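The values are calculated or read from the model by the stated rules, or taken from the named source; none is laboratory data. The structure displayed is predicted, hence computed values, not measured ones. Counting neighbours? That spans all protein chains shown, and the Cβs are built from the backbone with ideal geometry, glycine included. For accessibility, only protein heavy atoms count, side chains too; no ligands or nucleic acids. Shrake-Rupley method; radii C 1.70, N 1.55, O 1.52, S 1.80 Å.
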Amino acid sequence: MRPVIADLAKPAPPDDPVTAPFWAAVREGRLTAPRCRACSRVFLYPRVTCPRCLAGEFEWLDLSGRGRVYACTVVRQAAHPAFVDDVPYVFAVIELEEGPRLASNVVGCPPEEVVPDQPVEVVFEARGDHVVPLFRPILQ
Amino acid sequence: MAVEAVDAALADAGISPGDVDGIVRCDMENVSVMALADTIGARNVTFWADTGAGGAAPCGQIGLAVGAILSGQASTVVCFRSIAWATGGGVGAGRRSQSRAVGGHGSYEEFFMPYGLLLPVSTYAIVARRHMIEYGTTEEQLGSIAITCRQRANTNPSAQMYDRSLDMRTYLESRIISSPLRLYDCCLVTDGACAVVVTSIERARDCAKKVIAIRAVAQSSGANVGPGLLAPSLTRPSITTWPSASVADTLYRRAGVGPSEVDVAQIYDCFTVTVLIQLEDYGFSAKGEGGPFAESGAIDLNGAVPINTAGGNLSEGYIHGMNHVIEGVRQLRGESSATVPGAEICLVTSGPPPATSAMILRRDS
């Protein structure tokens, strides 16, 4: 028998100085990404140094929150008790308008209707003491 | 299990356990180096090391052993992997955290797990979907890989799936775990262990069994490897070419052979798509053509490059790819349950998309 995990809450971001500005902005309903002050590269996820030029100073850019589905999978087997009620759910990699890719869920439509290249926009889901960015289809 | 495997490997080689002076582990291994050294009765271990990550370890472990021997740090090195993910849980059972906060420390798990990316299968499912988008790969093509590995297992009495056949209809009717990947796209969970003894070619020629030479071994991260273990690889510039491609460049150059000279290959197969991408990255087919290549029969026993002749992770058992090393040796010794006639050169690969490793084995001439 495997141990029963009593905590049914979904995994949450940790207190991490490198990524804290991202999650703080999400709590305010803004999707942001660091932009390198040296080479202007906009990237996710937040890192200690720019992945292109290795400079270490950034400004936080407000993103449009729009993007397209780069690839997606419908998850049908919950591996964590907190996701049992969610299956089937769509885990997707979103290519944002500004270039970076971000993993998330696509919600607000039946899972089988999520298709590659579909336009999506960010929505914010409050989960107790934190907020996560999710995406929903942009209706044409 | 680790001790049993190491003792069996040493007995096979005709080397006394006391003579082992090097031990190399996988970074996810539960058995410590000194616990093993003490239990087998090693007189003096002078070299030990870990490598990984996880399934990327096995060929890298062999590489560390080779380096230790060539540099005089050890003379007889045991590389082993013991795993109990069938009964003990593990990655396949899902990553369950006691606390809500996950990730941090450069792992970037917090950008994946809150969205239910909890099993490796979903990372590989995204890769499979992307390969379908870019190249038109089909579910039947993935299925052909699962069926090929199963057919090899069906002649291997030691394989978990020895007595269970698989056809395309059963494959296509199996349940979706994380689309487009189905049950039979996923490897097994296994309790088991494998061990390999590495020593100098001169010492090996005095041993009991036919000598199999390590022609070349390579590890490679490639560019843009990214932080973290598995999921963050989904943000690389391309997710359908893996560090396997740069491993292949280094490996073939060191070995002085190319893919057309490989007679048989043991290709790490945690999922069917893992094989598909590597068929391309190791140069057996052009990029994007791994699906039609697999479906054509090229990976069958009589094909251009027979793969996973013991059944692989998909159908023999999941010893995290160390079973691929064992089968590579058995194949070239003529001890495989699915012998490829005249095979002299065998490619063995370890697990991508993390920075990974591979090697070329050759019959000693």
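General remarks:
- The lone criterion from (1) touching a strand residue (DSSP E or B) at 6+ places or on another chain (Cβ under 9 Å); (2) open to solvent by 20 Å² or more (accessible area, probe 1.4 Å) left unmet by B:Phe80 is number (2).
- Listed by position, the strands (runs of 3 or more DSSP E) inside the stretch A:60-114 whose residues that are more than 8 Å from every other protein chain (Cβ to nearest Cβ) and in contact with a Phe, Trp or Tyr (Cβ under 9 Å, 6 or more places away or on another chain) number at least 2 are A:66-75, A:89-96.
- Among the residues of the stretch B:203-224, the one identified as modelled with pLDDT of 95 or more and not in a strand (DSSP E or B) is B:Ser221.
- Condition check for B:Arg164: within 14 Å of chain A (Cβ to nearest Cβ) and either of a type in the set (Lys, Arg) or in contact (Cβ under 8 Å) with a residue 24 or more places away in the chain (or both): no
- Which listed residue, of A:Arg136, A:Arg68, is touching a Gly at 6+ places or on another chain (Cβ under 8 Å), open to solvent by 60 Å² or more (accessible area, probe 1.4 Å), under 27 Å from B:His131 (Cα atoms) and of a type outside the set (A, V, I, L, M, F, W, C): A:Arg136
- Residues satisfying the stated conditions in the stretch A:115-130, i.e. at the interface with another protein chain (Cβ under 10 Å from one of its Cβ atoms) and closer than 18 Å to A:Pro13 by Cα: A:Glu125, A:Arg127, A:Gly128, A:Asp129, A:His130
- Subset tally (residues that are modelled with pLDDT of 85 or more and within 7 Å of chain A (Cβ to nearest Cβ)) for the stretch B:84-110: 6
- Criterion (small (Gly, Ala, Ser) and away from chain A (no Cβ under 14 Å)) met by exactly one of B:Ala216, B:Ala223, B:Ala231: B:Ala216
- Search result, residues across the stretch B:192-202 that are assigned to a strand (DSSP E or B), of a type outside the set (A, V, I, L, M, F, W, C) and open to solvent by 20 Å² or more (accessible area, probe 1.4 Å): B:Thr199
- Here the condition is being assigned to a loop (DSSP other than H, G, I, E, B) and within 14 Å of another protein chain (Cβ to nearest Cβ); of B:Thr123, B:Thr137, B:Thr155, it holds for B:Thr137 alone.
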